[in-house]
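The values are calculated or read from the model by the stated rules, or taken from the named source; none is laboratory data. Predicted model only: the values in this text are computed from it and were never measured. No Cβ is skipped: glycine too gets one built from the backbone with ideal geometry, and neighbour counts run over all protein chains shown. Areas reflect the complete protein model, heavy atoms only, side chains present, ligands, DNA and RNA absent. Shrake-Rupley method; radii C 1.70, N 1.55, O 1.52, S 1.80 Å.
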Amino acid sequence: MIQKSRLVLGIETSCDETGVALYGDNGLVADVLHSQVAMHEEYGGVVPELASRDHVQKLIPLIKQCFSEAGIHASELSGVAYTAGPGLVGALFAGASVARSLAYAWEKPSIGVHHMEGHLLAPMLEETPPSFPFLALLVSGGHTQLIKVSQIGAYELLGESLDDAAGEAFDKTAKLLNLGYPGGPALARCAEHGNPDRFTFPRPMTNRPGLDFSFSGLKTFALTTSQQNTLDEQTCADIARAFEDAVADTLAIKCKRALQQAELSTLVVAGGVSANKRLRSTLDAMGKELNVNVFYPRHDFCTDNGAMIAYAGYQRLLAGEHDKLAIQVRPRWPLSELKVPQTI
Ligand code: KG4
Ligand code: ZN
């Protein structure tokens, strides 16, 4: 018997990007994204209520666009996956309601996906994917975590930020340097012209054992440095460079420690901050020194996207998992609560 090919629709709406994608037996079939950056820009950050409303408006047109680009009809789907958490509750509900309603109308199973599992598995969409087990460094706007990944669903938290996430520290530091929103890419651009030798920022929590992080002090260090100097264009770039170097070094020091402690030789880096070039070159150098292979998602899949949700949902739906009828989202959801899909 020829098995029908399996195809999953993935929907991401946890924050300020509406992402829709189709992933199937032959890989990624279509992937579309609407970014809300322009809408939130004038407020200097994400306005949750505006984010939810915009997801509601953009979802159906994006789903239609995705189907038409792939040349498929809803009847060909095996199921619908959507981000069920963590994230902004209204934004999550927008995606969950549309996904669940469509799945119900199409008589297909649906599955709520953990947003960070999506990020963590994003490098699996590349031509040369990592193999299990590996150490994952998740660096996004809301999370900075080191996770031992034995297989899909087997996640052991080794360390995490005790205060600001790395992306949050980028965003807050960019704001105090008047670099605008979204802060991470803006700060990285500004740091390109910075002198790395003018200021030296601390590498927090690296001179004591453990795998946790603390980034809120770096933002304060940037504030004090900016107050002690005339904040002209060059000083701004020098502070941005010192901040970026400190974050990259701190993350690399903890990754090295975790790789050695867990005796792992593969590192996966994912989440918005994994797009940062200086972080990538610092981690690549560390990987070379330790003989560790380092994997990243392609640039567009570092930040939020539908492809990673379609991929994670495909894996879980294929293993027979699916939601019950109630529509549920979880604004807070520890990754370590996930289970290995039964048939893996
Ligand atoms: O994964 P993501 O899109 O959303 C969350 O799940 O939070 O990550 C967004 C975060 C933001 O804090 C943003 O400033 C940061 O990733 N980011 C960057 C870069 N691109 C995005 N940080 C540093 N350098 C970048 N190039
Ligand atoms: Zn994310």
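Protein heavy-atom accessible surface, 1.4 Å probe, per residue over region 168-247: 48 Å². Under the convention that each Lys and Arg Cβ holds +1 and each Asp and Glu Cβ holds -1, the size of the dipole of region 1-65 around its Cα centre is about 480 debye. Using only the Cα atoms of region 169-316, build the gyration tensor, take square roots of its eigenvalues as a ≥ b ≥ c, and label the shape rounded, prolate or oblate: rounded if a/c is under 1.5, else prolate if a/b is larger than b/c, else oblate. Judged from the Cα gyration tensor, region 169-316 comes out oblate (a/c at least 1.5, b/c at or above a/b). Packing order of peptides 36-46, 234-244, highest average first: 234-244, 36-46 (average count of other Cβ atoms within 10 Å over each peptide's residues). With the charge dipole of region 146-291 set up from +1 on Lys and Arg Cβ and -1 on Asp and Glu Cβ about the Cα centre, the Cα lying farthest toward the positive end among the listed residues Met205, Ala222, Gln260 is that of Gln260.
Solvent-free Debye calculation, one equal scatterer per alpha-carbon of region 140-192: log10 I(q)/I(0) at 0.16, 0.17, 0.25, 0.27 Å⁻¹ equals -0.56, -0.60, -0.86, -0.93.
Counting every alpha-carbon pair across the chain, the share separated by more than 36 Å comes to 21%. Calculate for the chain the 222 nm mean residue ellipticity that helices alone would give, adding -39,500 (n - 2.57) per DSSP H run of length 4 or more and normalising by residue count, nearest 500 deg cm²/dmol. So the helix-based figure for the chain works out to -13500 deg cm²/dmol. Taking the Cα centre of the chain as reference, the dipole from Cβ charges on Lys and Arg (+1) and Asp and Glu (-1) amounts to some 580 debye.
Remark: region 148-160, residue by residue, has Karplus-estimated 3J(HN,Hα) of 8, 10, 8, 6, 4, x, 9, 10, 10, 6, 9, x, 7 Hz, where x stands for each Gly or Pro and the curve is 6.51 cos²θ - 1.76 cosθ + 1.60 at θ = phi - 60°.
The long axis of helix 166-176 is offset from the longest Cα principal axis of the chain by roughly 60 degrees. Peptides 143-156, 217-230, ordered by how many other C-beta atoms sit within 10 Å of their residues on average, highest first, read 143-156, 217-230. Counting only Cβ charges, +1 for Lys and Arg and -1 for Asp and Glu, the dipole size of region 155-202 around its Cα centre is about 340 debye. Taking the centroid of alpha carbons for each part, region 165-241 and region 135-160 are 24 Å apart. Note on Arg280: accessible area approximately 60 square angstrom, rounded to 10, probe 1.4 Å, nucleic acids and ligands left out.
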